[in-house]
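Input: a single structure, listed below in structure tokens.
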Amino acid sequence: MLPASESIARCKRCIDQASVQLSRQTTEAGRVDGALLKAHQVDVFSLAHHLANLAAAQAMLDWSAQHTQLEQDLTRTWCAMVTSEVFSWLEPRWDVLGVARVQPDPGGFVATTLESRKLASLGKRVLEEGSGATGIDGTHAAIREAFSRFSDAELAPHAEQIHRQNTLVPESILQALADLGVFGISIPESYGGTHLDHLAMIIATEELSRGSLGAGGSVITRPEICARALLAGGTEQQKQRWLPAIASGQHMVSVAVTEPDAGSDVASVRCTAQPTQGGYRINGEKTWCTFAGRADFLLLLARTSDEGHKGLSLFFVDKPPTLAGDKDEHSFSHQRADGSSLTGQAIGTIGYRGMHSFAIQLDDWFVAEDQRIGPEGKGFYLMMEGFSGGRIQTAARAIGVMEAALREACTYVQERRVFGENLSDMPLTQVKIAQMTARLQASRQLAYATGRKMGGQDDGVAAALVKLLSCRQAEWVTREA
């Protein structure tokens, strides 16, 4: 693997130089400046993309060193693809980015590795041998096996109907997931959960997503986000009150952060929580609140002062649930005797069905003071704590979808005959299979490597890079499949 590791090391040196230059161009007095960052937004975004690719390359190198020739060849392929991308990006930007010019492929590593006949040979081996080792063993391997069986037996048979009919996840599936401990997978045992570590959560999410993205993999995300926020900012009484109920599946939860004009820019949130006797009155609109109809609680971010992101607070908002089979599971309307209301309408989506994403409106909806999580003004920070877990889960869902797509593609090309021969015997098919597998394993190994390290201050950035990489690769892999 020496040529691959050397090639990635050269890429890293170049990207490090570009990082230093872009840092200088986007900071003022040691702090990131918004206007300067915007001026260099295109290159900064590309830099993040390359950093994610290179992190995956290192994870692949570490992984393949412990396995067979197939894993090593998949790693070489990914490293060559990454190297080609890095130097294609740098070619017109050497001077602008302050990077010392180097020969892109001095030893011919990229040209040799990405040669069509070599890729076709690799694709043929994938079709014969599979996509390579996952790189896990022991307890984590047992977790994969358990969730794999559940996904095949309980989720896959319902996946197409849920998608085609745009129906809510059946209560029988939710109960089965609860019995499996899915909702407590990010909650400590002391609060009724089944938490082992972040890697276990990633593996479970991946396998459930392989069976059904909407009815399986995505169901874990909201409990993950809520649990992390509660663990970071909740009082002991709040943790004892809500975490066991979430872990057991007694309470379903949704996240209400995004607004029509405030998505990732959470500092622009306009939904307000006004103090009143015994609590707060919440007014405003939220959108893309997945599972909000079925949920018993909304983890809601609202403005309690005008101090930008420091004026946001986090609330656990209770509401009546809408169950599968109810007269209309795509909308809800709840009124209280005091005249307050909470209404929601499902947003039509081209995919990702089963949980329904809602636009919701809150008019004077009351929440008690003990339903505020953490002090006033700390909501932004607690929400970011929750989102780091949500991002790594999004990556795991993408990996599960890629695995399902690759399996279906491999089955299809070995059965489909065109002009007297199987698609699997055609070089173009074999090259695509090789590239799909390399992209899948790169995403998986970076997610696993990140999961093993989670628990520190850099969780947010690391999880964001994994999400960036995996979601991009999932779009490519599923399209080619």
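The values are calculated or read from the model by the stated rules, or taken from the named source; none is laboratory data. Note that the coordinates shown come from a computational prediction; the quantities given were computed from them, not determined experimentally. Every residue, glycine among them, receives a Cβ derived from its backbone with ideal geometry; neighbour counts consider all protein chains shown. All accessible areas refer to the heavy atoms of the entire protein, side chains included, with ligands and DNA or RNA removed. Shrake-Rupley method; radii C 1.70, N 1.55, O 1.52, S 1.80 Å.
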Residue pairs meeting the criteria (Cβ under 7 Å; at least 6 apart or on separate chains; first in contact (Cβ under 8 Å) with a residue 60 or more places away in the chain, in the range 272-283; second charged (D, E, K, R) and open to solvent by 40 Å² or more (accessible area, probe 1.4 Å)): Gly278/Glu369; Gly279/Glu369; Arg281/Asp364; Asn283/Asp363; Asn283/Asp364
Output for the range 78-98, where each listed residue is under 16 Å from His49 (Cβ atoms), part of a loop (DSSP other than H, G, I, E, B) and open to solvent by less than 50 Å² (accessible area, probe 1.4 Å): Leu97
Members of the range 165-191 found to be in a helix (DSSP H, G or I) and small (Gly, Ala, Ser), listed by number: Ser172, Ala176, Ala178, Gly184, Ser190
Residues that are under 23 Å from the mean Cα position of the chain (by Cα) and basic (Lys, Arg), drawn from the range 224-282: Arg228
Cβ pairs under 7 Å, 6+ apart, first in the range 143-154 and under 20 Å from His198 (Cα atoms), second assigned to a helix (DSSP H, G or I) and of a type outside the set (A, V, I, L, M): Arg144/Glu207; Phe147/Glu207; Ser148/Glu207; Ser151/Glu207; Ser151/Arg210; Ser151/Gly211
Verdict on Ala120 being within 29 Å of the chain's Cα centre (by Cα) and under 16 Å from Gln435 (Cβ atoms): no
Restricting the range 331-347 to residues that are of a type in the set (A, V, I, L, M) and open to solvent by 20 Å² or more (accessible area, probe 1.4 Å), the residue that is farthest from the chain's Cα centre (by Cα): Ala337
Residues satisfying the stated conditions in the range 34-75, i.e. over 20 Å from Ala464 (Cβ atoms), of a type outside the set (A, V, I, L, M, F, W, C) and open to solvent by less than 50 Å² (accessible area, probe 1.4 Å): Ser64, Glu71, Gln72, Asp73, Thr75
Given (1) part of a loop (DSSP other than H, G, I, E, B); (2) surrounded by 15 or more Cβ atoms within 10 Å (Cβ to Cβ), number of the condition Ser121 does not satisfy: (1)
Selected residue [open to solvent by 10 Å² or more (accessible area, probe 1.4 Å), farther than 24 Å from Met383 by Cα and either without any contact (Cβ under 8 Å) to a residue 24 or more places away in the chain or not in a loop (DSSP other than H, G, I, E, B) (or both)] from Arg241, Arg210, Arg222: Arg210
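Residues are listed down the side, and each one gets a yes or a no for (1) more than 24 Å from the chain's Cα centre (by Cα); (2) β-branched (Val, Ile, Thr); (3) at pLDDT 95 or above; (4) assigned to a strand (DSSP E or B):
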position	(1), (2), (3), (4)
Phe315	no, no, yes, yes
Ala324	yes, no, no, no
Glu329	yes, no, no, no
Thr349	no, yes, no, no
Tyr352	no, no, no, no
Phe358	no, no, yes, yes
Asp363	yes, no, yes, yes
